[in-house]
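Enquirer: Here it is, the structure, as structure tokens.
The values are calculated or read from the model by the stated rules, or taken from the named source; none is laboratory data. Computed from a prediction, not measured in an experiment: that's the story for all the values here. Cβ coordinates were reconstructed from backbone atoms using ideal geometry, including for glycine residues, and neighbour counts include every protein chain displayed.
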Amino acid sequence: MDTPVHSPSGSQQMDLLARAELLRMQAAELERAAAAHEPAPPTVPFTESWSSVINGPVDGAVLHDDQPNDLDQASTAGRLARRAVRLARLGRAQEALLTAARAEACAGADGEVTIGVAIARALVAFTEGHPERASAGLSRLLRDRRILQGHSLSPIVGLLAEAAFRARQLDEAAQLIDRWKTRVGLSLDDPADSELFVAGRLIRMHGLLEAGSSPLPDSALPPLAVARLHLATGMWLRRHRRTVEARAYLETAGNTLALPGGEPWDRLCRSEASAASLAQRSGAASETLSTQQLVVARLAAFGMSNRDIARQLCVSPRTVSSHLYRMFPVLGITSRHQLASALRQRQELDAAS
């Protein structure tokens, strides 16, 4: 009786291809070492922390250093995972996801690699504007004690709090983080661990700002971590219509997030800063323009002359002219040709809020 032959599944095929690639690299490295009459390069443990990979500088040299040229598969998987995170920070989403998949396919992949892959995918979700997807993935990982045993929780906790804050799901994430605080004694108040400190500030953001306390972090934090907190603070203030304060935080954050490595946060920061600027103009208008002034503005935006507007509203042309003269500074414009744009921006803001 013949034994049935089973074709490998897609994931099995990926695993076989990844292993074949690792064997090819190993053989090539041995050939180069033999040709130079030198011993094969030893495995060098990659001990850089995930917090450093998330917040540290990123450039071409760093990516080149992370090329998977080790003979040890576990070390190769770790380097691939770190490379995936750095690619995600540069906004190279597809490369990051492919590199993360290669890291997972390595036979030596362990809990640390799983953490790195989760970080890379979360940052890609940030860049693509899907914080809820990042929050879901990081929450699943934080519920898996088996994978996390023996590894630092700080990068997962920090990014989870940030993703949940963006997605307005912070209460649920805070409960999950609190369980780990109780279990392993996490401290969210020490700036020495930038990711845990970021998480603590985000979880307490509402109370800090309502009480008037400064949400600014300790200067010992990496610049990117500081910028991430400025971004979150600006977002919170804009949500609560404190737009003047929000703009200051968002502009400060933007100076850092526009640098290489800040792409997962930069796009959101620019969007928030634009919305805050628009809100400031529209907020001022709504406070100081009367109903009749708004009607005059809309009719003028349609192209009607002062005389036609006056006839429509049963007022004098001089009254119409006076209304327009007083409205222009409030709306942040200098001529009636800009009225349509200013009113359209106001309408978009009202719809968004």
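Enquirer: I'd like to verify a number: residues in the stretch 181-200 that are outside any loop (DSSP other than H, G, I, E, B) and in contact with a helix residue (DSSP H, G or I) (Cβ under 7 Å, 6 or more places away or on another chain), how many?
Expert: Count: 5.
Enquirer: Any idea how many residues of the stretch 107-147 are among the aromatic types (F, W, Y) and touching a Gly at 6+ places or on another chain (Cβ under 8 Å)?
Expert: 0
Enquirer: Listed residues R238, R168; which is under 18 Å from the mean Cα position of the chain (by Cα) and buried (at least 21 other Cβ atoms within 10 Å of the Cβ)?
Expert: The unique qualifying residue is R238.
Enquirer: With respect to L208, is the statement that it is over 18 Å from the mean Cα position of the chain (by Cα) and closer than 18 Å to A88 by Cβ true?
Expert: Considered against the rule, which asks whether it is over 18 Å from the mean Cα position of the chain (by Cα) and closer than 18 Å to A88 by Cβ, L208 comes out as no.
Enquirer: Looking only at the stretch 308-333, filter to residues that are touching a residue at least 12 places away in the same chain (Cβ under 8 Å) and of a type outside the set (A, V, I, L, M, F, W, C); which one of those is surrounded by the most Cβ atoms within 10 Å (Cβ to Cβ)?
Expert: Selected residue: H323.
Enquirer: Just to be sure I understand the filter: pairs with C-beta atoms under 7 Å, separated by 6 or more residues or on different chains, first member in the stretch 159-171 and within 18 Å of A225 (Cα to Cα), second member polar (S, T, N, Q) and crowded, with 24+ Cβ neighbours inside 10 Å. Which pairs pass?
Expert: Every condition considered, the pairs that remain are L160/S135; A163/S135; A164/S135.
Enquirer: With respect to A342, determine if the residue is crowded, with 18+ Cβ neighbours inside 10 Å, part of a helix (DSSP H, G or I) and modelled with pLDDT under 85.
Expert: Criteria met by A342.
Enquirer: Of the conditions (1) of a type in the set (G, A, S); (2) in contact with an Asp or Glu (Cβ under 9 Å, 6 or more places away or on another chain); (3) at pLDDT 90 or above, G137 fails just one. Which one is it?
Expert: For G137, the exception is condition (2).
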